[in-house]
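Down below is the structure, laid out as structure tokens.
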Amino acid sequence: MIGIICAMQIEADGIIALCSNTVTQTHAKMEFTLGNLHGKEVAVVVCGVGKVNAAMCALLMAEKYNPELIVNSGVAGSLSPIVGIGDIVVATKSVEHDMNTTALGENRGEISFPDGMVTFFECDKKASNLLASVCRKIPQTKTVQGIVASGDIFVSERKARLKINDRFGAIACEMEGAAIGHVCVRCGVPYAIIRAISDDLDENKGMDFVKFCKLASKKTVTAVSEFVKAW
């Protein structure tokens, strides 16, 4: 089974519409839709905004359905001039940019575990490369692989975005991916992240984001569908 965690309902609806034999199950007030997509079992869910929602969702997905892979899909803001509105970023790894225990002498973004410190959560290389390959076939769409940064804040200011890029080398910023990566890595579940860029370094208005979500969902639904077919 492939787990698909979406940031937007419109995105999940698009994927579910392509599935057959669907049934819905609810866990912790999150609706998981099980079905078949291109002959493969999938579980599709919308996690909600923010790292806690995303982490809860990923853990439920891992424990209830034992997926061989979890794919997180949604939109993100650009942190670098190499990606702009309408482009797609496929993560190679993720980082929680708002994790800050520097007062204890640790580095920004470092997370302490009983077995050591972790800053970046590595994505599954096979899944990342295949997802990027599929995305490059989408017409008029630039696809870039790189680091995705996540935090519990909608980062809109250019200066703040550039600071995250400078600190972590991240090229896209959102609010869920690294939390899903955090759970997946600790639980031993391979994961991947795909993000359509909703706003670049100069276009950061909330209305731009809302309008773009509808357009972005078409690209991400296509990408996830073709990925599942090829996996």
Gained length - Val23 relative to Ser133, 0.36 nm times residue gap less alpha-carbon distance: 36.6 nm
Anchor Lys51: aspartates and glutamates whose Cα lies under 16 Å away (excluding residues fewer than 8 positions away in-chain): Glu96, Asp98, Glu110, Asp152, Glu174, Glu176
Anchor Lys142: aspartates and glutamates whose Cα lies under 15 Å away (excluding residues fewer than 8 positions away in-chain): Asp87, Asp199, Asp200
Between segment 1-72 and segment 100-122, the alpha-carbon center distance in angstrom: 29 Å
Reachable lysines, given that their alpha-carbon falls under 19 Å from the alpha-carbon of Lys126 and they are not under 8 places away in the same chain: Lys40, Lys93, Lys137, Lys229
Positive dipole terminus of the chain, leading residue within Ala179, Met61, Ile5 (C-beta point charges): Ile5
Cysteines in the chain that, by Cβ-Cβ distance, have no pairing candidate under 4.7 Å: Cys6, Cys19, Cys123, Cys135, Cys173, Cys184, Cys187, Cys213
Local electrostatic count at Pro190 - Lys and Arg +1, Asp and Glu -1, tallied over other residues with Cβ under 13 Å: +1
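No lab work stands behind these numbers, since they all come straight from the coordinates. Values in this document were obtained by computation on a predicted structure and should not be read as measured data. Note that each Cβ is placed from the backbone with ideal geometry, even for glycine, and that neighbours are counted across all protein chains shown.
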